[in-house]
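**Q** Quick one: the structure is below, and I'll ask about it shortly.
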Amino acid sequence: MGRIRKLFSLPPHERWLLLKATALLSVVRLLLWLLPFSGIRRLMHWASRRSQRLAANPPPVERLAWAVGVASRFVPGASHCLTQALAAQILLIRRGYPAKVCFGVLPESTKPFIAHAWVESNGVVVIGGADVDRYIRLTTSMGSTS
């Protein structure tokens, strides 16, 4: 009951943002289950077109990242870094912010391979930033300058 009360105590534009983030995370997670990454890249390019209407008065980058973080707790499988990174990138680019998904691997892993994805905007880690300095950056994928 506390979560519902918290949700309705938010301003309407933030509730709407959480709803959008939840829907987007759900779609991204489903696509990651169904499609190869090359297909997802094509869809990301299409979905990440800048929207003049959304870019006219965008919420701060931190609020967009907040919405993805909160919504990821309620979408099955959306706690994965790649799911959150792809969803955050779409939210940012559509609102006129530059955003790029970065990939890295953990060099001193006891497991065969540990990878991580995060999003940067203007050189600042927006989402997935837990200790990204520990990772060896592999590449930047699906970047955008606006």
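**Q** Exactly one of (1) under 14 Å from the mean Cα position of the chain (by Cα); (2) surrounded by fewer than 18 Cβ atoms within 10 Å (Cβ to Cβ); (3) of a type outside the set (A, V, I, L, M, F, W, C); (4) part of a helix (DSSP H, G or I) is unmet by Gly39. Its number?
**A** Status for Gly39: all satisfied but (1).
**Q** Within the set of pairs 6 or more residues apart or between chains, which connect a residue that is under 14 Å from Ile90 (Cα atoms) and at pLDDT below 85 inside the stretch 24-43 to a residue that is of a type outside the set (A, V, I, L, M, F, W, C) and surrounded by 15 or more Cβ atoms within 10 Å (Cβ to Cβ) with Cβ atoms less than 9 Å apart?
**A** Arg41/Ser141
**Q** Find the strands (runs of 3 or more DSSP E) located wholly in the stretch 66-146 whose residues include 2 or more that are at pLDDT 90 or above, and list them.
**A** 99-105, 115-121, 124-127
**Q** Does Leu54 satisfy the criteria of being among the hydrophobic types (A, V, I, L, M, F, W, C), assigned to a helix (DSSP H, G or I) and modelled with pLDDT of 80 or more?
**A** So Leu54 does not fit the description; no.
**Q** Ala47 fails exactly one of the following numbered conditions: (1) modelled with pLDDT of 80 or more; (2) surrounded by 15 or more Cβ atoms within 10 Å (Cβ to Cβ). What is the number of that condition?
**A** If we test Ala47 against (1) modelled with pLDDT of 80 or more; (2) surrounded by 15 or more Cβ atoms within 10 Å (Cβ to Cβ), just (1) comes out false.
**Q** Out of the residues in the stretch 85-123 that are β-branched (Val, Ile, Thr) and in contact (Cβ under 8 Å) with a residue 12 or more places away in the chain, which is farthest from Arg29 (Cα to Cα)?
**A** Out of the qualifying residues, it is Val105.
The values are calculated or read from the model by the stated rules, or taken from the named source; none is laboratory data. Remember, predicted model here, so these are calculated numbers, not experimental data. FYI the Cβ positions are ideal-geometry reconstructions off the backbone, even for glycines, and counts take in every protein chain you see.
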